[in-house]
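The values are calculated or read from the model by the stated rules, or taken from the named source; none is laboratory data. Just so we're clear, the structure is a prediction, and the values are computed from it rather than from any experiment. We place every Cβ from the backbone using ideal geometry, glycine too, and count neighbours over all the protein chains shown. Accessible surface areas use protein heavy atoms only, side chains included; no ligands, DNA or RNA. Shrake-Rupley method; radii C 1.70, N 1.55, O 1.52, S 1.80 Å.
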Amino acid sequence: MPFPPPSRTPWEVRRRSLIVSAASAAVLAGCSAAPDPAGNGGGASVTATARARVRAARDSQVLLGQYDAVLAAHPGLAERLRPLRAQVAAHAAAFMEGTQDTKATASATATRSPSATVSASASAAVPADERSALSALAAAERTLADRRAKELLDVPGELARLLAGVSASGSAHAYLLTEGEK
């Protein structure tokens, strides 16, 4: 009895696997590294680095909220979005690992930046159709990945490496979210 043909061509499966594997490798390399105990300089750079880490963690939390909102509005997308959401949650945790006083720094940064509240409330508006919801998530991933790619030029080595890995992962997420549209 012959086996039924696969639903996807072998090239499509390999391409997706390659992209996900490359993004995962970049993220694991960035997430697994220990923070620089020397702080790469004086107290001012450590404080700037801590603020950059908290800002990046907050951005990941906002993105996580967008994933949750889409999942709540479109439960049929759960299988497709759960792995991406899990990576975004891991990114937020990885950014917070390197801060000395995580809670104090996070609350100080959140009170100075009203954009976190605005972004979180904006994430509650989810498009009614699945395709538009995926496009909105892809746009959010792409925007955040681009911003992180620019920010990595202004931070010390270890955080720059983490930002680069997470930026690459965000770009891969954007691609995977829009792949079904073609």
Could you derive backbone 3J(HN,Hα) for region 163-173 from the dihedral phi with the Karplus parameters 6.51, -1.76 and 1.60 (θ = phi - 60°), listing whole Hz in sequence and x where the residue is Gly or Pro? 4, 5, x, 6, 5, 4, 5, x, 5, 5, 4
Once both labels are modelled 7 Å past Cα along the beta-carbon direction, what's the ALA72-ALA90 spacing in nm? 2.6 nm
Starting from 0.36 nm per residue, how many nanometres of slack lie between ASP146 and ARG80 once their C-alpha separation is accounted for? 21.5 nm
Sulfur and carbon atoms: percent of accessible area, region 129-182 [1.4 Å]: 54 percent
Could you rank the peptides 75-84, 160-169, 57-66, 140-149 by their average count of other C-beta atoms within 10 Å per residue, with the highest value first? 160-169, 57-66, 140-149, 75-84
Quick one: Karplus J couplings for region 127-139, per residue in order, coefficients 6.51, -1.76, 1.60, θ = phi - 60°, nearest Hz, x for Gly and Pro? x, 5, 9, 4, 4, 5, 5, 5, 5, 5, 5, 4, 5
Stretchable slack from ALA125 to ALA48, in nm (0.36 nm times residue separation minus alpha-carbon distance): 24.5 nm
